[in-house]
Amino acid sequence: GGANLVVFTTGRGSCFGSVPSPTLKLATNTTLYQKMEGDMDINCGDIIDGRKSVAEMGGEIFREILEAASGKKTKSERLGVGLDEFQPWNLGVLS
């Protein structure tokens with residue numbers, strides 16, 4: 001039993017997703033979040049911008065983790081990011 005969930009922080013906007021583990025993407029700044037809102041789950045730039053405290057942001061991240069673990073699709077899951085990257089068994093020679 002058990003479950004896995006990836007919480008991925010990015011300051012450059014890496015389009016990362018993984019299958020079979022859901023990936024929550026945390027943008028480290030508001031500019032990045034606004035440019036990539038369709039692919040970023042949480043804007044941690046709210047701390048730097050003075051809109052939220054570290055504790056408030058931590059609570060938001062925790063709630064999102066619980067929701068994703070309970071079945072809510074992350075943005076990368078909804079976009080299909082990671083579907084082509086996951087291959088549990090490589091067939092043939094790898095170089």
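The values are calculated or read from the model by the stated rules, or taken from the named source; none is laboratory data. Note that the structure is predicted; figures quoted are calculated from it, not measured. Cβ: placed from backbone, ideal geometry, glycine included. Neighbour counts: every protein chain shown. Only protein heavy atoms, including side chains, enter the accessible area calculation; ligands, DNA and RNA are left aside. Shrake-Rupley method; radii C 1.70, N 1.55, O 1.52, S 1.80 Å.
Values for this structure:
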read-out	value
Using distinct alpha-carbon pairs, which all enter the 1/r mean, Kirkwood radius of region 14-85 in Å	12.6 Å
Average accessible surface area per residue within the chain, 1.4 Å rolling probe, Å²	67 Å²
Crossing angle, helix 54-69 versus the chain [Cα axis fit, 0-90 degrees, rounded to tens]	30 degrees
Two-site label geometry, Phe16 and Arg51: point separation in nm, points 7 Å out along Cα→Cβ	2.4 nm
Full-extension gain in nm, Gln34 to Phe62, via 0.36 nm per residue minus C-alpha separation	7.9 nm
